[in-house]
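Scroll down for the structure; my scribbles are underneath it.
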Amino acid sequence: MLTVQEALDRLREGNRRFAEHALGIADAVNHTELSEMVRGQKPFAVILGCADSRVPAEVVFDQGLGALFVVRVAGNVAAESQIGSIEYAVTHFATPLVVVMGHSHCGAVTAALDALMEGQEGESAHLGAIMALIRPSIESLVRSGLAVRDGLEDSPEDAPEDSLENGRCPAGGSATDRSELVERGVRANVRHTVSELTRRSEILAERVRAGELLIVGAEYELETGWVEFFNRE
């Protein structure tokens, strides 16, 4: 089994090949190994990613069959089934790395922001459930953006810090632009999901404390094909 650093390096190298058009996914698939995979799997990383059709993890990281345990859901949120799937991979395959990967221009984050800013309702209870999981990560972003848009000023003690670490956007005015809010929301949502995995799963939390598991956030940029890793747990 790969170490955490080796797993991260393997993902970075695969993404480099993809972004630089150095290798196609078909070249990463060794069809002679198909019969061996029937007996089991040993994925070196778990990817909790968005269901967006433009962000298939195996392609983005240029990995073949059996390399990644991929869990995909709109907005890369941590619902019970996603957490359970990750726990399964970590406990059954000793996978040492979990990557929560969002992406630029995320439709789920955009919908959650619209629901907060414009009072829109989800198109269904099921979609609403996804937006409810995104909402905690973007509420302070929306409050800050609306306050600036409406010309309100925070008192010094209440002014949001110019940092995404606490889920807030700068109060200088740039976040009033909707696209800027979306991009900040994407990262805030990833960070929130990373923290939720250890907060809600003792199985994952124990392995992180023991140094057996690393959980990181990442963002895939649709415009370039590059993945940026951040927010180690």
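The values are calculated or read from the model by the stated rules, or taken from the named source; none is laboratory data. Everything quoted here is computed from the prediction, not taken from an experiment. Ideal geometry is used to build each Cβ from the backbone, glycine not excepted, and the neighbour counts take in all protein chains shown.
Surrounded by fewer than 21 Cβ atoms within 10 Å (Cβ to Cβ), part of a helix (DSSP H, G or I) and at pLDDT 90 or above: is that true of Thr198 in this structure?
Working: surrounded by fewer than 21 Cβ atoms within 10 Å (Cβ to Cβ): yes; part of a helix (DSSP H, G or I): yes; at pLDDT 90 or above: yes.
Against the criterion (surrounded by fewer than 21 Cβ atoms within 10 Å (Cβ to Cβ), part of a helix (DSSP H, G or I) and at pLDDT 90 or above), Thr198 qualifies.
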- request: Go through (1) crowded, with 18+ Cβ neighbours inside 10 Å; (2) within 22 Å of Gly225 (Cα to Cα) and name the single condition Gly107 misses.
  value: (1)
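Can you give me the ranges of the helices (runs of 4 or more DSSP H) entirely in segment 27-102 with at least 3 residues that are buried (at least 20 other Cβ atoms within 10 Å of the Cβ)?
Numbers: elements: 34-37, 57-60, 80-93.
Of the helices (runs of 4 or more DSSP H) lying wholly inside segment 27-102, those with at least 3 residues that are buried (at least 20 other Cβ atoms within 10 Å of the Cβ) span 80-93.
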query: Restricting to segment 1-26, what's the tally of residues that are modelled with pLDDT under 85 and in a helix (DSSP H, G or I)?
result: 2
- prompt: When you scan segment 81-114, how many residues do you find that are modelled with pLDDT under 95, polar (S, T, N, Q) and either closer than 22 Å to Gln5 by Cβ or touching a Lys or Arg at 6+ places or on another chain (Cβ under 7 Å) (or both)?
  reply: 0
statement: Taking segment 206-231 and keeping residues touching a residue at least 60 places away in the same chain (Cβ under 8 Å) and either hydrophobic (A, V, I, L, M, F, W, C) or not assigned by TED's automatic domain parsing to the domain that holds Arg16 (or both) leaves Leu213, Leu214, Ile215, Val216, Ala218, Leu222, Trp226, Val227, Phe229
field: Odd one out for Phe229 among (1) of a type outside the set (A, V, I, L, M); (2) surrounded by 15 or more Cβ atoms within 10 Å (Cβ to Cβ); (3) over 25 Å from Ala22 (Cα atoms)
entry: (3)
field: The lone exception for Ile130 - which of (1) over 15 Å from the mean Cα position of the chain (by Cα); (2) outside the structural domain of Asp9 (by TED's automatic domain parsing) it fails
entry: (1)
message: Can you pull out every residue in segment 65-108 that is charged (D, E, K, R) and either outside the structural domain of Ala51 (by TED's automatic domain parsing) or without any contact (Cβ under 8 Å) to a residue 60 or more places away in the chain (or both)?
response: Arg72, Glu80
- prompt: Does Ile203 meet the test of being in the same structural domain as Ile83 (by TED's automatic domain parsing), buried (at least 22 other Cβ atoms within 10 Å of the Cβ) and modelled with pLDDT of 95 or more?
  reply: no
task: Identify the single condition in (1) within 27 Å of Glu202 (Cβ to Cβ); (2) more than 18 Å from the chain's Cα centre (by Cα); (3) of a type in the set (Val, Ile, Thr) that Val38 does not satisfy, given that it satisfies every other one.
output: (1)
- request: Go through the residues of segment 156-175 one by one and say whether even a single one is modelled with pLDDT under 85, surrounded by fewer than 20 Cβ atoms within 10 Å (Cβ to Cβ), of a type in the set (S, T, N, Q) and assigned to a helix (DSSP H, G or I).
  value: yes
